[in-house]
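Have a look at the structure below before the remarks.
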Amino acid sequence: QFFEIEGHGEFSLAAYDKYCAAPQTWATALHDLSAAGVMDRDRLLDACLDALSRDFAQFRAGWFSRLYESLDPTIDEQIARKKQFLSLLSSAIPPTVSLALKAIKTIDAANPFGGQELLDAVQPVVQARQKGAVSSALRLVEAAAERAPEIRFHAITVAQGALIHDAADVQRKALQLMEKLGAADEPELRQNLSGYADGIAPSLRAQFATLCDVQDAPKQSDRTQDFQPPRAIEPIASYDEFISEFLRLLEDTSDPVRIERLVDGLARHGADMPVDFERAMGPLSKRATQILNSAGDTTLRFGLAHLAHCYTKQTPPDLPERLVFGSAVSLGWSHRKTPLGPQSFITVFMKRNADVLRQVQQGQRLPMLCRPTDDRGFIAPEQLVKRVLAYQDAEAEPGQYDLCLALMRLAPEGRDAAKGMLAGRGEIADVLLYALGGPLEPTVLESGASKPMWIAASAGRLPREDAPAIAKLSGLTAPDVGLRARIDVTVSTACQGKYVFPEINVTARPEIKKPVPDSYLAGLFHLTTAGQSGGSICGHTADDIRWSSLVWPQNLEPFFAQGIDVLDLDQKLSKSPYAAFIEPMLMPHVAMGPLATQLLSQSMANADPAVHRLAAEILITAIEEDRLSATAFGDVTRDLMVKAALPTGRWTRAFSQVAGVSPSHAAFLCAVGTRLLRFDPETRPRDFGGMLELLYELHVDTKARLPDEKARSCLSAISAGGKLGKFAKRLLDL
């Protein structure tokens, strides 16, 4: 029964034996009992193969493979189990398939299989991802066809399944076998083969064309992208819509623009309470209480539930003493409950909400200043001017966080038209005029000006420039507090015992020497975080991070710096929060500056499939929209490969997918490849043979040459054999 039940965690044969000395393992005990004749050997061999047929997880299945091989079965014992081995070829566990292929090869040499029987069993392996398994399967197909010429047609159809493999050498072996078996003489096969044309490696297209009814494998045309204008965000129109939206967003906080629209709905309609307010608020109050009592919700949803609770119970919107996260999709160690400190964008979110609710509880019905007017997260300047003037006409004071967020969300368009509406309207109007590009009057700052809003106005200006007077007003020295941040990223490795791991550090100048108040919003981005085990200033979960991306939408570089600082390259999660740091790059207005480029390349090397796939999609989009420099992207990627010693294969797989989108994508990656080849021959990247093979295929595909002398010098210095040496020489021969 131990062979029939997989177990889990530490309760499995594989897990137990991993941490035991050999004499005390189950495998040793069973092997010894069998050798002594106490346990039936045939029964033990059968039980091992039966266990492998159950497709246990690879770690646990491996124990049964090792036990079977340790019993050193004879050829007769292998032959007696030939049907079991044929069945194991359809296993989802690669080592199980390898074990079966090895046994079948031995059996076939001593007691050949029937040709049809072997072809039927080996067909799934021909389409596997493991190159070694596919190559072994093709050799078995060849042997079967040589013994039984009548199955030649079937053998060719099985072999063509290997053409879906990404590796050119696997495709080459399949084409060679099909040529040998006479595929070119079969009209039906020639027609079927044309469906594989798009995936054929460029260096094999001429050979492929001789076997099918196409002259050459067609290239995919460039994708056309219709760039849609920003979508306008209309405010909530009524009290009933406000309550309905509140209930919906308590269940899904993933869209930060909708959340901002909701809080604006509170500001506009929250004072319009119905006569039966307590009864009408019952569902909202109940759901908010459930969320506040739950330890597993995002901090953003906790903040929204706190707002609902204070509104429905009509209590003062004071912040909770402690915010915690306990979600399985949070940054860092998901089982820890880490307090969010007083300086984070989630506390900014809650303080802004508290300001809005206080105004509502005072009976005000004024718009929230910082509600975005389009889906990029920007506010149209004329709209913001009208909102500010509405506050002045009502003789109301806007909340500090609301005003600062609004200044930092100013859209780049329409600024000049809005300036003329502001003359002589007080300090807030002066601040807004400065944010829109107007002059900075020293006399205004000397009269005890509001520090946070002038710092936010400085951050909201276009183009950005240093404002020493505002830096002096702030009373401290910090990046983006009057003085523009200068952000550097250093890449290296660190050692801990026998382990080497990447070390990627972000530093911003000017150096912070005093605590930065959380009302200095632009400066918050540059605070040191707790790193990989504690989360980011931008929050702990994906929804938190998405909202933080709306703090300063015109300058996302500091936001991307936070992503670089906390990105865990080896962590795999069911819904990775790290993806939220790169999601804004999909938007066509987002500039791919140095930090965006750095974070994108790091994300392509991430072990988490969700982050890796999203990064590939962003690369495709950024190339289409001409937002990314091939030179900068290549240099950053090379540094990560060489200086951080990250596995090159992660980029190779992504580049292969992206290059197939269109000729322009292939040409872009050719240019990236030229920069990758400018490494020091003494410190070339790890596992670089696969990347060289891809670069060779891309150069063949785009008919490019390699004139870069530094790249050629690096390739010339490679004296290794195998794939690395072979494709270095082929690139040099182009």
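Computed from Cα positions, the angle between helix 41-53 and the longest principal axis of the chain comes to roughly 40 degrees.
Each Lys and Arg Cβ is given +1 and each Asp and Glu Cβ -1; about its Cα centre, the chain then shows a dipole of about 1160 debye.
Heavy-atom accessible area, probed at 1.4 angstrom with all protein chains present, ranks Thr157, Thr541 as Thr157, Thr541, highest first. Can you give the FRET efficiency for Gln290 and Asp687, using 1/(1 + (r/R0)^6), R0 = 56 Å, r = Cβ-Cβ distance, to the nearest 0.05? According to the calculation, E is roughly 0.70.
Qualifying trypsin sites (Lys or Arg not before Pro) in segment 348-417, where qualification requires a DSSP coil assignment and no more than 15 other C-beta atoms within 10 Å, comprise Arg365. Modelled label positions at Lys419 and Gln207, each set 7 Å beyond Cα in the direction of Cβ, lie 6.6 nm from each other.
Go ahead and run the numbers for FRET between Asp570 and Arg231, Cβ-Cβ distance against an R0 of 51 Å, rounding to 0.05.
On the way: r = 37 Å, r/R0 = 0.73.
Efficiency, rounded to the nearest 0.05: 0.85.
Counting 0.36 nm for each residue step from Thr74 to Lys513 and taking away their Cα separation leaves a gain of 150.7 nm. What the pair-distance distribution of the chain shows, using all Cα-Cα distances binned every 20 Å from zero, is 14, 37, 31, 16, 2, 0 percent.
For the peptides 499-508, 304-313, 432-441, the ranking by packing is 304-313, 432-441, 499-508, with the highest mean count of neighbouring Cβ atoms within 10 Å listed first.
How big is the shadow of the Cα convex hull of segment 80-210, averaged over all directions, in nm²?
7.4
With respect to the chain, whose longest principal axis is taken over its alpha-carbon atoms, helix 256-269 is tilted by about 30°. In a reduced charge model with +1 at each Lys and Arg Cβ and -1 at each Asp and Glu Cβ, segment 53-163 shows a dipole moment near 340 debye about its Cα centre.
Dividing the summed -39500 (n - 2.57) terms of all DSSP H runs of n ≥ 4 by the residue count of the chain sets its mean residue ellipticity at 222 nm at -15500 deg cm²/dmol. In terms of its C-alpha gyration tensor, segment 48-124 comes out oblate, because a/c is 1.5 or above while a/b does not outweigh b/c. Here Ala36 and Glu150 are evaluated by their C-beta separation; at R0 = 45 Å the FRET efficiency comes out at 0.35. Summing charges over neighbours of Val489, with a neighbour being any other residue whose Cβ is under 10 Å away from its Cβ, gives -3 when K and R count +1 and D and E count -1. Compared with the dominant Cα axis of the chain, that is its longest principal axis, helix 299-313 is turned about 40°.
Using DSSP to define loop residues, name the chymotrypsin sites (Phe, Trp or Tyr not before Pro) in segment 18-56 whose beta-carbon has at most 16 other beta-carbon atoms within 10 Å. Present the calculation step by step, with values, prior to reporting the outcome.
Working: sites: Tyr19, Trp26, Phe56; in loops: Tyr19, Phe56.
Of the chymotrypsin sites (Phe, Trp or Tyr not before Pro), the ones in loops of segment 18-56 whose Cβ has at most 16 other Cβ atoms within 10 Å are Tyr19.
Estimated translational diffusion coefficient (Stokes-Einstein, Kirkwood radius over Cα pairs, 25 °C, 0.890 mPa s) of segment 1-71: 201 µm² per second. Close amide H pairs (under 5 Å, H built 1.01 Å from N) link Thr493 with Glu503, residues at least 5 positions away or on another chain. Relative contact order, whole percent, for the chain stands at 8, derived from Cα pairs under 8 Å and 6 or more residues apart.
Filter the GluC sites (Glu not before Pro) in segment 350-414 down to the DSSP loop ones having no more than 15 other Cβ atoms within 10 Å, then list what survives.
Counting only loop positions with at most 15 other Cβ atoms within 10 Å, the GluC sites (Glu not before Pro) in segment 350-414 are Glu395, Glu413.
The values are calculated or read from the model by the stated rules, or taken from the named source; none is laboratory data. Here the structure is a predicted model, which means the values were calculated and not measured. Ideal geometry is used to build each Cβ from the backbone, glycine not excepted, and the neighbour counts take in all protein chains shown. Only protein heavy atoms, including side chains, enter the accessible area calculation; ligands, DNA and RNA are left aside. Shrake-Rupley method; radii C 1.70, N 1.55, O 1.52, S 1.80 Å.
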